[in-house]
1. What does the charge dipole of the range 2-261 about its Cα centre add up to, to the nearest 20 debye, if the Cβ of each Lys and Arg holds +1 and the Cβ of each Asp and Glu holds -1?
2. For a test of the definition: using alpha carbon positions, the gyration tensor, and the 1.5 limit on a/c, classify the range 104-232 as rounded, prolate or oblate.
3. For MET121 and GLU211, FRET efficiency with R0 = 30 Å and r from the beta-carbon atoms, rounded to 0.05?
4. How much length is gained on full extension from THR156 to GLN26, taking 0.36 nm per residue of separation minus their Cα-Cα distance?
5. Would you look at the GNM of the chain, springs on alpha carbons closer than 10 Å, and say which of GLY54, GLY172, GLY16 moves the most?
6. Can you tell me the accessible area per residue over the chain, all protein chains present, probe 1.4 angstrom, in square angstrom?
7. Would you calculate a helix-derived [θ] at 222 nm for the chain, using -39,500 (n - 2.57) for each DSSP H run of n ≥ 4 and dividing by the full residue count, to the nearest 500?
8. Between their Cα atoms, which of LYS155/LYS202; LYS62/LYS202; LYS155/LYS200; LYS62/LYS192 are more than 24 Å away from each other?
Amino acid sequence: MQIVIQPDAQAVARYGAAAIIRQIRQHPASVLGLATGATPILLYQQLITAYQHGEVSFQAVKTFNLDEYIGLAATHPQSYRYFMQHHLFNHIDIQPENTAVPEGDAADPLLACEQYEQKIMAAGGIDIQLLGIGRNGHIGFNEPSSGLRSRTRIKTLTQQTIADNARFFAPGEYQPHLSITMGIGTILDARKVLLLATGKAKAKALKAMVEGPLSASCPASALQLHQQATVVLDEEAASDLEQLAFYRHIEQENAALLRRLNRD
Ligand SMILES: N[C@@H]1[C@@H](O)[C@H](O)[C@@H](COP(=O)(O)O)O[C@@H]1O
């Protein structure tokens, strides 16, 4: 894993957005895996600004979102389809038919899971998968105990995840406890993975993911198996890492090498 430490959340978003824009410029018909939650919002704002400035076009891009709640209509303000339309899709030139989010309101959610996997394969797989991370180390809605080679399926949310996401629901409003999520195997199949995390609340999960054992008790630790995973953190999210100095040194060596190769 490449560990990139940035001074603050805005810099994390800038770094992530630049990686996605670079991907699209190199391959205009890129297939992007996208995430929801508070962390990617700043990155999506960077993508919108780049599009508005004519620096990138999403005309030929396809997207697949990691997950969706079961039991919310796509028009519900807390559905992840609504989130993506509001925070990104409504503001860029992506073709609506090229944006896919798991069908949380499908009559047969089990069939919807199978169809989602087939749709990703039909698109040629995911070029770069954007991820956040839950405080308990979940990625997507792959909660602790998730199989490390799992596929898109229905998952029950932990009480902590429900509590962490309660901030998005009105008091007393129905809050889903089931989700459809890409599996860890689905995520690991992406050609590149880009995980963003900010804030002290994520420091424990990041330490387990980066420096802990490969374990289903920390689903994000599966990224230790990925051939091209980049983890972009602010100082707070990185604050529990023991090898901080080494990660910073690696990044300095990487930058020097790229300069020597004239590729920065
Ligand atoms: N299903 C989403 C995850 O994909 C996301 O990474 C996590 C952390 O979200 P935040 O970035 O708001 O901390 O929340 C939810 O559980």
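1. Numbers: 21 positive and 24 negative charges, 100 e Å.
In total the dipole reaches around 480 debye.
2. Numbers: a/c = 1.80, a/b = 1.03, b/c = 1.75.
Cα axes put the range 104-232 in the oblate bin.
3. Numbers: r = 34 Å, r/R0 = 1.12.
For GLU211 and MET121, the calculated efficiency is 0.35.
4. Working: separation 130, 0.36 × 130 = 46.80 nm, distance 3.80 nm.
Contour length minus Cα-Cα distance gives 43.0 nm.
5. Maximum fluctuation in the GNM of the chain, among the listed residues, is at GLY172.
6. On the way: 12070 Å² over 264 residues.
Per-residue value: 46 Å².
7. Details: 8 runs with 92 residues, N = 264.
The helix-only estimate for the chain comes to -10500 deg cm²/dmol at 222 nm.
8. Values: LYS155/LYS202 22 Å; LYS62/LYS202 29 Å; LYS155/LYS200 27 Å; LYS62/LYS192 15 Å.
Correct reply: LYS62/LYS202; LYS155/LYS200.
The values are calculated or read from the model by the stated rules, or taken from the named source; none is laboratory data. For clarity, every value in this text was computed on a predicted model and none was experimentally measured. Counting neighbours? That spans all protein chains shown, and the Cβs are built from the backbone with ideal geometry, glycine included. Only protein heavy atoms, including side chains, enter the accessible area calculation; ligands, DNA and RNA are left aside. Shrake-Rupley method; radii C 1.70, N 1.55, O 1.52, S 1.80 Å.
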